[in-house]
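Q: What follows is a single structure, and I will ask about it in a moment.
The values are calculated or read from the model by the stated rules, or taken from the named source; none is laboratory data. The model shown is predicted, which means the values in this text are computed figures rather than measured ones. Positions of Cβ are backbone-derived with ideal geometry, glycine not excepted, and every protein chain shown enters the neighbour counts. Accessible surface areas use protein heavy atoms only, side chains included; no ligands, DNA or RNA. Shrake-Rupley method; radii C 1.70, N 1.55, O 1.52, S 1.80 Å.
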Amino acid sequence: PVSTCPVQENVLQRVLQLPVVSSTCETLQRKYSSTKESHPLMASVCEVYERGVQGAGALAMWGMEPVVRRLEPQFAVANNLACRGLDHLEEKIPALQYPVDK
């Protein structure tokens with residue numbers, strides 16, 4: 001069977017688009033935002049942490065770019081295999097297509 005991952009899409013994007021995953025992420029995001037709004041001290045700590053994570057992520061991506069370019073063919077093969085596995089899971093576990101509350 002041919003994988004349903006288009007060339008520009010990756011398996012992580014597909015997983016994040018599954019209703020069960022996306023609804024869980026939305027719930028967590030709402031809780032996080034609500035906590036930040038309710039507790040000003042927590043909000044300032046979270047903002048410092050968020051900026052640190054963004055900076056570290058940007059630095060890591062800059063440092064990994066040459067490696068990623070060299071391993072791009074291997075990543076494409078791994079992505080294709082993971083997409084096929086996700087196709088199988090979606091077929092065998094229909095509950096993945098429903099939000100958490102269902």
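Q: Does Ala78 qualify as being touching a residue at least 24 places away in the same chain (Cβ under 8 Å), part of a helix (DSSP H, G or I), closer than 15 Å to Arg14 by Cβ and open to solvent by less than 60 Å² (accessible area, probe 1.4 Å)? Steps first, please.
A: Values: touching a residue at least 24 places away in the same chain (Cβ under 8 Å): no; part of a helix (DSSP H, G or I): yes; closer than 15 Å to Arg14 by Cβ: yes; open to solvent by less than 60 Å² (accessible area, probe 1.4 Å): yes.
So Ala78 fails the test.
Q: Among the numbered criteria (1) assigned to a helix (DSSP H, G or I); (2) open to solvent by 60 Å² or more (accessible area, probe 1.4 Å); (3) touching a residue at least 60 places away in the same chain (Cβ under 8 Å); (4) of a type outside the set (Ser, Thr, Tyr), which one does Asp101 miss?
A: (1)
Q: Considering every residue within the range 56-66, establish whether at least one is open to solvent by 100 Å² or more (accessible area, probe 1.4 Å), free of Cβ contacts under 8 Å to residues at least 60 places away in the same chain and over 30 Å from Pro19 (Cβ atoms). Steps first, answer last, please.
A: The first filter runs over the range 56-66 and keeps only residues open to solvent by 100 Å² or more (accessible area, probe 1.4 Å), leaving 59, 61-62.
Within this subset, residues satisfying the condition of being free of Cβ contacts under 8 Å to residues at least 60 places away in the same chain are 59, 61-62.
Now restrict to residues that are over 30 Å from Pro19 (Cβ atoms): 59, 62.
Checking the range 56-66: at least one residue is open to solvent by 100 Å² or more (accessible area, probe 1.4 Å), free of Cβ contacts under 8 Å to residues at least 60 places away in the same chain and over 30 Å from Pro19 (Cβ atoms).
Q: Kindly check whether there is at least one residue in the range 37-47 that is surrounded by 10 or more Cβ atoms within 10 Å (Cβ to Cβ) and within 19 Å of the chain's Cα centre (by Cα).
A: Checked against the condition, which is being surrounded by 10 or more Cβ atoms within 10 Å (Cβ to Cβ) and within 19 Å of the chain's Cα centre (by Cα), the range 37-47 yields no hits at all.
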